[in-house]
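Engineer: Structure provided below as C-alpha cells; questions to follow.
The values are calculated or read from the model by the stated rules, or taken from the named source; none is laboratory data. On a predicted model such as this, the values are computed, not experimentally measured, just so you know. Counting neighbours? That spans all protein chains shown, and the Cβs are built from the backbone with ideal geometry, glycine included.
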Amino acid sequence: MNSMKPELGVCYYPEHWPQQQWAADAAGMVASGIRWVRIAEFGWSRLEPQPGQLDWAWLDQAIAVLAAAGLKIVLGTPTATPPRWMLRQHPKLLAADNSGQVRGFGSRRHYDFSYLPYRAEAGRICRLMAERYGTHPAVAFWQTDNEYGCHDTTLSYSAAALKGFRRWLAARYQNIDALNTAWGNVFWSMEYADFAEIELPHLTVTEANPAHCHDFRRYSSEQVVAFNQAQVAAIRQHDKSTPILHNYMGRITDFDHFELGDDLNAASWDSYPLGFLEDRSEEGDAWKQRFMRQGDPDFQAFHHDLYRAVGKGRWWVMEQQPGPVNWAPYNPAPLAGMVRLWAWEAIAHGAEVVSFFRWRQAPFAQEQMHAGLLRPDSQPAPALAEVQQLAAELQHRAPLHPEASAAVAIVFDYESAWAWETQPQGQNFSYFRLVFEQYRALRRLGLSIDICAPDTADFSAYQLVLVPGMMHWKPGLQQALKQSQASVLIGPRTGSKTADFSIPARLPPNCQTLIDVTVSHVESLRPDVGIALHNHSGQIQHWREYLQPGTTTEVLLSAADDIALLVQSEHYFYLGAQLDAAAYQQVMQQVCAHAGLATVVLPEGLRLRTCGTEIFAFNYAADSVSLEMLSGVYDFQAKQLAAAGVAQGHLQAHT
C-alpha cells in the first residue's frame, strides 16, 4: 500500500498585479503552507501581444520569483483565451450555437474545436512554452487549456464542424448505404445519396434522427480529445517527462473524459460546492436551503471518485471554492469550517494536491465578485485561516494510505449521458442524475465507492458493481462482470440500445448471459406522480420498466400494482425503475447484504470515507451529529461531530 503526503496549492495571476508585489505574494503563500501555484492559463495576450511578437519577460520573472520562494509551479497553456488579434488572423475560429448564431469575443472559451487552424495555433504556443520552460526545475506540472466544455462549448454548429463531421462520417461508414442502414434513414425518407448531403442535426422541423445526433456527439467529443492531444504532442517535443493534466468541471458530460485522460498523466477538477448546489443540483428548494452554506453532501465526493478513475489513480482538486463565487444564481458564503472540510474530503479520496482559487480576489472584470484567500486589499479573507489550519494538520500527521480500491464500484459511461440527452423519453430522466442517485444511496449507507470506466476489464477487487443506465454494452464488459464473481446490480435502461441507437433485437437489457429478464415496455412519469412499492416504503419516480423475469429469475421487490421492480438470478440483479431515497435505501441494503457488505444508515449530512485502515467522517449538516452509532465498527475519539466538522478514526473490524 503506497503512502501519500498531500499538499496544498493556489491559483495565481501575476499578470494581474504589479511585479513589486509578486515576492510578497509568494512569501505569503509559503507562510500559509502552500507548496504549489498554478499560473498563466489565461495569459496569451501578455505572452504574445501581436502575432509573432513574444514577450516572455514577465513570465520569466514570475516563475523566477515563485521558484525562489520554494513553490512548485503548474504551468497552464493559455489556449482557453485566444487574444483578440487571433480573431483578425482567423475570423472563422468562433463557434456557433444550436441556432447557428456565432458566439462572440469578450469573455473566454471563444473557439471552435473543429476549426483546425486554431488547433495549429494552440499547438504552436504550447510548443514555444515547452521549449522555454519545459526543463525549468520549478515547472513540475503542465495544465492543458482550462475547463474543456465549460459554458456549453463542446458542441459547435459551425461551417468547420459541418466539414469535419462529414469527413468523420465518411471515415466511419466508408459508404453512404452503410450510414443509411445504421441510422435507419428509411424512416421518414431521410436517406442520403452522398455524405456531402448530410447537415448538422439542428434547425430541423421536429427532432432530428437520434442516431444522427448521437454520431454528432461522438464526433464532437473526439474533437476535444484531438485538440488536447495536439497540445500534449507539442509539449512533448521539448519536455518528455514533466507530467501533464487538465482541470475538468463538475457535471460536464459533453465529451469523454476517460478518452481524453488517456493522453495525460493525471486528472484534476474544479470544485465549487456552493455554486454547484445552486447551479447543477436537481434537488428541491428545501434541500438547497438545508445545505446552502455546506454544499451537497455527495456531489464533491462523486467527482473525486470519478476523476480518480479518469486520472488512473492520480488526481488533484485544481480549484477549490474558498468563499462566495460570482456565477451561480445565488452565491452565499460557506459555513465556517467548510473550506477545510471540502479539502479534507478530497484528501481522504486520494487527492495529491488541493489547490484553492484564487490567491487574491480580483478587483476588476468578470470575476471581481469571486472570493479568494485574500481580499482585493490584500487582507486575509475568511478562508485563509482554514487553509493555514489545514496546512498545519497535514504537516503534523503521518502520510495517508489510500486504498487501491473500495468494495463497491459504479460504471460511468459518457456516451450514455449523450444518448439520454438525445432521447430522454421523459423530461426528468437524466443519466447523470440516475447514476448520482445510486451513488448517493450507497454513501448514505456508509460505503466508499470507486467509479470505473466502461472499458474496465477487471472487477475482481469489488464485492458489488453497479451498471446503471448504460446505453449499450461495451465489448467485453459482460464477460468482465461475469469473471469478477462480484454481485452486480444492472439498470434501469442498461442495454436498451445498440451502438447504432436502435432497440436490440433481443430487447433490453440484452444481457442474457448474466440475468434472464426482458423489458417489455417502459414509461416515464410526471414529476408529481410516484408509484408506491408493495409492502415497502418509498416509491418509483420518473422512470419505470415492465419486467418479464425468466424461469430462473426471482422477483425480490414489486410495485404496489404487482409489476416486478427488482429481480435476481444468482449474484446478478436487475432494477427496472428510478426510485426515491427511501426506496433506493431498501434496494441497496438488500443488494449489499447479498454481496456481504455491512451497511449503516447515516444521519442526514454525515458521510464516511475509508482510506486504508483510517476512516474519515464529514458533517455536512448545519448542526452537530452523534458518532455513537458507529462505535463497534469504527473507533472515533470524538463522540460528537460539530457542523462542518471532520473526524479521523480507525476501523475496528474490516467490513
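Engineer: Among residues belonging to the stretch 500-524 that are closer than 25 Å to THR181 by Cα and in contact with a helix residue (DSSP H, G or I) (Cβ under 9 Å, 6 or more places away or on another chain), point out the one that is surrounded by the most Cβ atoms within 10 Å (Cβ to Cβ).
Structural biologist: The qualifying residue surrounded by the most Cβ atoms within 10 Å (Cβ to Cβ) is CYS511.
Engineer: Check ALA581, ALA617 and return the single one that is over 30 Å from THR551 (Cβ atoms) and without any contact (Cβ under 8 Å) to a residue 60 or more places away in the chain.
Structural biologist: ALA617
Engineer: Sort through SER624, SER569 and tell me the only one that's within 24 Å of TRP287 (Cβ to Cβ), surrounded by fewer than 19 Cβ atoms within 10 Å (Cβ to Cβ) and not assigned by TED's automatic domain parsing to the domain that holds GLU282.
Structural biologist: Residue meeting the stated conditions: SER624.
Engineer: Looking at (1) at pLDDT 95 or above; (2) not in a loop (DSSP other than H, G, I, E, B), find the lone condition where ALA622 falls short.
Structural biologist: The one condition ALA622 does not meet is (2).
Engineer: Filter the stretch 249-260 down to the residues that are surrounded by fewer than 24 Cβ atoms within 10 Å (Cβ to Cβ) and more than 12 Å from the chain's Cα centre (by Cα) and list them by number.
Structural biologist: Listed by number, the list holds a single entry, GLU259.
Engineer: Also: Which numbered condition in (1) more than 28 Å from PRO243 (Cβ to Cβ); (2) free of Cβ contacts under 8 Å to residues at least 60 places away in the same chain is the only one that ASP55 fails?
Structural biologist: With respect to (1) more than 28 Å from PRO243 (Cβ to Cβ); (2) free of Cβ contacts under 8 Å to residues at least 60 places away in the same chain, ASP55 is out only on (1).
Engineer: Here is a list of conditions, (1) in contact with a helix residue (DSSP H, G or I) (Cβ under 7 Å, 6 or more places away or on another chain); (2) closer than 20 Å to GLY134 by Cβ, and ALA69 meets all of them except one; can you say which number that is?
Structural biologist: (2)
Engineer: Can you name the residue in the stretch 222-248 that is in contact (Cβ under 8 Å) with a residue 60 or more places away in the chain and among the β-branched types (Val, Ile, Thr) and, of all such residues, is surrounded by the most Cβ atoms within 10 Å (Cβ to Cβ)?
Structural biologist: The selected residue is ILE235.
Engineer: State yes or no: is VAL310 surrounded by fewer than 23 Cβ atoms within 10 Å (Cβ to Cβ), at pLDDT 95 or above, touching a His at 6+ places or on another chain (Cβ under 8 Å) and of a type in the set (Val, Ile, Thr)?
Structural biologist: no
Engineer: Let me ask something else. For the stretch 573-619, give me each residue that is among the acidic types (Asp, Glu), out of contact with any Phe, Trp or Tyr (no Cβ under 9 Å at 6 or more places or on another chain) and assigned to a loop (DSSP other than H, G, I, E, B).
Structural biologist: ASP580
Engineer: Could we say that ALA383 is in a loop (DSSP other than H, G, I, E, B) and within 23 Å of GLU278 (Cβ to Cβ) here?
Structural biologist: Against the criterion (in a loop (DSSP other than H, G, I, E, B) and within 23 Å of GLU278 (Cβ to Cβ)), ALA383 does not qualify.
Engineer: Another question about this same structure. Of all residues in the stretch 572-587, how many are closer than 14 Å to HIS534 by Cβ and of a type outside the set (Gly, Ala, Ser)?
Structural biologist: 3
Engineer: Then there is this: Looking for something aliphatic (A, V, I, L, M) and touching an Asp or Glu at 6+ places or on another chain (Cβ under 9 Å) - is there at least one such residue anywhere in the stretch 15-35?
Structural biologist: Yes, the conditions are met somewhere in the stretch 15-35.
Engineer: Condition first: of a type in the set (Phe, Trp, Tyr) and over 17 Å from GLY295 (Cα atoms). Can you find one or more residues in the stretch 611-625 that meet it?
Structural biologist: yes
Engineer: Limited to the stretch 620-655, what total is found for residues that are within 17 Å of THR610 (Cβ to Cβ), free of Cβ contacts under 8 Å to residues at least 24 places away in the same chain and either small (Gly, Ala, Ser) or touching a Ser or Thr at 6+ places or on another chain (Cβ under 7 Å) (or both)?
Structural biologist: Total satisfying the criteria: 3.
Engineer: While we're here: Report, by residue number, each residue of the stretch 295-333 that is of a type in the set (A, V, I, L, M) and more than 11 Å from the chain's Cα centre (by Cα).
Structural biologist: VAL317, MET318, VAL325, ALA328, ALA333
Engineer: State which residue is farthest from PRO424 (Cα to Cα) when the search covers only the stretch 524-553 and only residues that are in a loop (DSSP other than H, G, I, E, B) and either in contact with a Leu (Cβ under 7 Å, 6 or more places away or on another chain) or without any contact (Cβ under 8 Å) to a residue 24 or more places away in the chain (or both).
Structural biologist: Only one residue tops the list, namely ASN535.
Engineer: Let me ask another. Please verify whether ARG38 is surrounded by 15 or more Cβ atoms within 10 Å (Cβ to Cβ), among the basic types (Lys, Arg) and either without any contact (Cβ under 8 Å) to a residue 24 or more places away in the chain or under 16 Å from PHE356 (Cα atoms) (or both), treating the condition exactly as stated.
Structural biologist: In short, yes.
Engineer: Pairs needed: first member in the stretch 385-414, of a type in the set (S, T, N, Q); second member anywhere, surrounded by 16 or more Cβ atoms within 10 Å (Cβ to Cβ) and in a loop (DSSP other than H, G, I, E, B); C-beta distance under 8 Å; at least 6 residues apart or different chains.
Structural biologist: Pairs that qualify, where the first residue is of a type in the set (S, T, N, Q) and the partner is surrounded by 16 or more Cβ atoms within 10 Å (Cβ to Cβ) and in a loop (DSSP other than H, G, I, E, B), are GLN388/SER32; GLN388/GLY33; GLN395/GLY33; SER405/TYR462.
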